[in-house]
Amino acid sequence: MGRAFEYRKARKLKRWGNMSRTFTRIGKEITMCCKAGGGDPDMNPRLRVLMQNAKAANMPKDTVERAIKKATEKDAGDYKEIVYEGYGPFGIAIVVETATDNNQRTVANVRSYFNKYGGSLGTSGSLSFLFDHKCVFHLKPKDGVELEELELELIDFGVDELEAEEEEWVIYGAFDQFSNIQKYLEENEFEIVSAEFERIPNDFKEVTAEQREVLDKLLDKFEEDEDVQNVFHNIKEDAE
């Protein structure tokens, strides 16, 4: 298995365990998406994907519909996407993606989490060289199409890794090629189960079991914050 696949698999097991947090995160994404491109999924490709993500996370259909309706109302909340970067204890790089309606509250919370556990909040872009920003698509295998054949078709879209995972195919592509990959998959009638963006570390840092306990407490603080959408780090997972 490739580097991206192993990293994403380790994150997913924990991240999708909290159903209510997952619903909140998807709901915010729907709000921002509808404000940017409207509430009609036929006219908003990104919204189509988010609706599939909601379905994959077992989010009730009526909850999704309410989120779309609320997002298109005049008095809907206005969330801003802000990325925070810093180092946790033991030199671990951490990137925190947020969606917030109160930047002062969010940055104060994020900084306090770093400080409490011996880390420090850095400047925007300071850790970008440590992570590859990727789009990740999950597909249902298509009859008559081989994974290697699909890889050859998508290589011009910046796709650099494809994996077979249980009953799905997983595609990793360049961040800025998301819409083009989505368009290709839809036009060729592939069933997209879900799609998301990931920050894959270029290198992993080993930690001891004791260090991992401290880091897990910090990561949990981020994950529990309602403003936080995603948390990425460069901890080597098999070093627990």
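For the chain, what does -39500 (n - 2.57) per DSSP helix run (n ≥ 4), summed and divided by total residues, give at 222 nm, in deg cm²/dmol to the nearest 500?
One gets -13500 deg cm²/dmol as the mean residue ellipticity at 222 nm.
How much solvent-accessible surface does THR24 expose, in Å² to the nearest 10, with a 1.4 Å probe and all protein chains in place?
60 Å²
Could you tell me how far the Cα centroid of the stretch 39-61 sits from the Cα centroid of the stretch 65-116, in Å?
The stretch 65-116 and the stretch 39-61 have Cα centres separated by 22 Å.
Compute the normalised compactness of the chain: alpha-carbon radius of gyration over 2.2 N^0.38 Å, N being the residue count.
My calculation over the Cα atoms of the chain gives 1.04.
Given a Förster distance of 25 Å, report the FRET efficiency between ASP62 and GLU189 from their Cβ-Cβ distance, rounded to the nearest 0.05.
Values: r = 28 Å, r/R0 = 1.11.
The value I calculate is 0.35.
Which net charge results for the neighbourhood of ILE68, defined as the other residues with beta-carbon distances under 12 angstrom from its beta-carbon, given Lys and Arg at +1 and Asp and Glu at -1?
Residues close to ILE68 contribute a combined charge of +1.
The values are calculated or read from the model by the stated rules, or taken from the named source; none is laboratory data. This one's a predicted model, so the numbers in the text were calculated from it and none came from an experiment. Please note: Cβ atoms are built from the backbone with ideal geometry, for glycine as well, and neighbour counts cover all protein chains shown. For the accessible areas, the whole protein counts, side chains as well, though only heavy atoms, and no ligand, DNA or RNA atoms are used. Shrake-Rupley method; radii C 1.70, N 1.55, O 1.52, S 1.80 Å.
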